[in-house]
Amino acid sequence: MGAQVEHFVDHTAEIAEENSALVYMRNKYFMGERLQIINEDLEHGWTQKQLDGIRDLWNNEQSLYTIADHYNADPDSIVLVLIHLGRRGKLKQRPGGLFA
């Protein structure tokens, strides 16, 4: 039998993004400002598979509410995902925008 090779996934970019958010939060705290965490009742953690699925549903003309139902999620949480994906150029533009 041959040696087993582990699959390596480089998460450097994701870690850098998380560290950037943590540094921002730390700096706000140390500057004496009261930092408010907003939308904490919404889902912020999504797997890449879920992000890809939401992207595909959106790009295949599914509505915001259909996508939310598919993922058993608050539509506002899906809006956050769509903003995330849109800012990265991963969504098709649709006539009527978000609520089309």
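How many residues, within region 64-83, are farther than 16 Å from F99 by Cβ and surrounded by fewer than 16 Cβ atoms within 10 Å (Cβ to Cβ)?
Total satisfying the criteria: 2.
Take the residues of region 46-56 that are closer than 11 Å to L82 by Cα and among the hydrophobic types (A, V, I, L, M, F, W, C): which is surrounded by the most Cβ atoms within 10 Å (Cβ to Cβ)?
Taking the candidates together, the pick is I54.
All but one of (1) surrounded by 10 or more Cβ atoms within 10 Å (Cβ to Cβ); (2) at pLDDT below 90 hold for Q36; which doesn't?
Failed condition: (1).
Quick check, is E61 within 30 Å of F99 (Cβ to Cβ) and at pLDDT below 70?
no
For the structure I just gave you, tell me whether L91 is in contact with a Phe, Trp or Tyr (Cβ under 9 Å, 6 or more places away or on another chain), over 26 Å from A13 (Cβ atoms) and buried (at least 16 other Cβ atoms within 10 Å of the Cβ). Give the derivation first.
Values: in contact with a Phe, Trp or Tyr (Cβ under 9 Å, 6 or more places away or on another chain): yes; over 26 Å from A13 (Cβ atoms): no; buried (at least 16 other Cβ atoms within 10 Å of the Cβ): yes.
Answer is no for this residue.
List, please: which pairs have Cβ atoms under 7 Å, are six or more places apart or on different chains, and start with a residue in region 34-61 that is within 29 Å of P95 (Cβ to Cβ) and end with one that is part of a helix (DSSP H, G or I) and among the polar types (S, T, N, Q)?
Partner pairs satisfying both residue conditions: L42/S77; E43/S77.
The values are calculated or read from the model by the stated rules, or taken from the named source; none is laboratory data. Small disclaimer: the values here were computed from a predicted structure and weren't measured. Ideal geometry is used to build each Cβ from the backbone, glycine not excepted, and the neighbour counts take in all protein chains shown.
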